[in-house]
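We did not get these values from a lab; they are worked out from the coordinates using the rules stated. These numbers come from a predicted model, not from an experiment. Glycine also receives a Cβ, built like all others from the backbone with ideal geometry; neighbour counts cover every protein chain displayed.
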Amino acid sequence: MAWLRTIPVTELPPGAMRHWVHDGQDLLLCNHAGEIRALGGVCPHANGPLAQGNFVDGLVVCPWHAWEFDTATGACTHNARTAIPRYEVETRQGVIYTRLARIA
Ligand code: FES
């Protein structure tokens with residue numbers, strides 16, 4: 001699976017979260033304390049737009065019903081059977097790349 005060029009790392013400072021779309025697939029890019037993460041951008045509860053939620057202490061909070069997901073693992077904090085996908089991410093020459101092969 002090919003690496004996809006997303007946004008410059010300067011557009012994603014620590015504590016920031018961005019929505020990004022590839023081929024109609026909603027993704028979430030976030031920066032937790034300098035670590036860039038790429039995850040699925042759709043909430044598995046009822047398809048809420050996660051990028052419109054809050055990003056606090058490495059957790060993304062869905063704007064619709066407040067389910068929380070740990071961006072380090074993709075896991076829902078109150079339902080262990082639910083998670084959002086995580087994807088590989090790299091920064092090259094100041095640009096964030098992701099590959100849509102699920103790592104979790
Ligand atoms: S759609 Fe995300 S918590 Fe309900």
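I'm checking my understanding of the structure. Among residues of segment 62-95 that are of a type in the set (K, R) and away from the ligand (no atom under 16 Å from the Cβ), which one is surrounded by the most Cβ atoms within 10 Å (Cβ to Cβ)?
R86
Being outside any loop (DSSP other than H, G, I, E, B) and touching a residue at least 24 places away in the same chain (Cβ under 8 Å) is the filter here; which residues of segment 1-15 pass it?
Passing the criteria: L4, R5, T6, I7, P8, V9, T10.
Between L50, L59, L39, L27, which is within 15 Å of the ligand (Cβ to nearest atom) and either of a type in the set (D, E, K, R) or closer than 17 Å to T91 by Cβ (or both)?
Sole residue among the options that is within 15 Å of the ligand (Cβ to nearest atom) and either of a type in the set (D, E, K, R) or closer than 17 Å to T91 by Cβ (or both): L39.
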